[in-house]
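The values are calculated or read from the model by the stated rules, or taken from the named source; none is laboratory data. Note that this is a predicted model, so its numbers are computed, not measured. Positions of Cβ are generated from backbone atoms using ideal geometry, with glycine treated the same way; all protein chains shown enter the neighbour counts.
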Amino acid sequence: MSMINKENIVQEAVIDASAIGLLPHRQPGAQGMYDPNNEHDACGVGFVANIKGQKSHAIVQQGLKILENLDHRGAVGADKMMGDGAGILIQIPDALYRDEMALQGVTLPPEGEYGVAMVFLPKETASRLACEKELERAVRDEGQVLLGWRDV
């Protein structure tokens, strides 16, 4: 069953820009800390959007499917057991976060006036708490307020 409908557009684009003349074929020589041997291009890009700007979990599901499909193109880093940092960029699902944070007694500011960070923390309790404390300090040092945590 396809999740694609007329309001959701899925497009995968894979372009070897040097093959179509968009980029010069030669790379600059090694200089300073730069080494052209470390150059690499993105292996693929996926784009999913609702053309009416509506938020939808189906869009997230389609984006995740694109990430799964990039695996055959080598979308993994030097360590084949780990990804290369590929991910998805989405609008903040305000209703979801509003409901989830209300369960913790947190009232969120108006939509568009708060941010969300995905943070990967150690499982070991003492290390996790130390990391949370450091992140809270960094947020405070930037003049921001950390409203709460949500385990996922």
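Restricting the search to region 56-73, which residues are modelled with pLDDT under 85 and not acidic (Asp, Glu)? Break it down into steps so the answer makes sense when it comes.
First pass over region 56-73, keeping only residues modelled with pLDDT under 85: 66-73.
Passing the criteria: Ile66, Leu67, Asn69, Leu70, His72, Arg73.
Name the pairs: first residue in region 141-152 and under 13 Å from Met101 (Cβ atoms), second residue of a type outside the set (A, V, I, L, M, F, W, C) and not in a loop (DSSP other than H, G, I, E, B), Cβ to Cβ under 6 Å, at least 6 apart or on different chains?
Every condition considered, the pairs that remain are Leu146/Glu136; Arg150/Glu100.
Being modelled with pLDDT of 90 or more and outside the structural domain of Val45 (by TED's automatic domain parsing) is the requirement here; does Leu108 meet it? If you could, list the steps in order and put the result at the bottom.
Details: modelled with pLDDT of 90 or more: yes; outside the structural domain of Val45 (by TED's automatic domain parsing): yes.
Against the criterion (modelled with pLDDT of 90 or more and outside the structural domain of Val45 (by TED's automatic domain parsing)), Leu108 qualifies.
Please go through region 117-136 and pick out each residue that is within 21 Å of Met101 (Cβ to Cβ) and loosely packed, with under 11 Cβ neighbours inside 10 Å. Don't jump to the end; show me each part of the working.
Of region 117-136, the ones within 21 Å of Met101 (Cβ to Cβ) are 117-121, 128-129, 131-133, 135-136.
Matches in region 117-136: Ala117, Met118, Val119, Phe120, Lys133.
I'm checking my understanding of the structure. Among residues of region 39-52 that are exposed (fewer than 10 other Cβ atoms within 10 Å of the Cβ) and modelled with pLDDT under 85, which one is nearest to Glu68 (Cα to Cα)?
First, the residues of region 39-52 that are exposed (fewer than 10 other Cβ atoms within 10 Å of the Cβ): 39-40, 51-52.
Restricting the remaining residues to those that are modelled with pLDDT under 85 gives 39-40.
Working: Glu39: 24, His40: 20 Å.
Looking at the filtered set, the residue picked out is His40.
May I ask you to say which residue of Ala86, Ala102, Ala95, Ala117 is of a type in the set (Gly, Ala, Ser), at pLDDT 90 or above and under 25 Å from Gly53 (Cβ atoms)?
After ruling out the rest, the residue left standing is Ala95.
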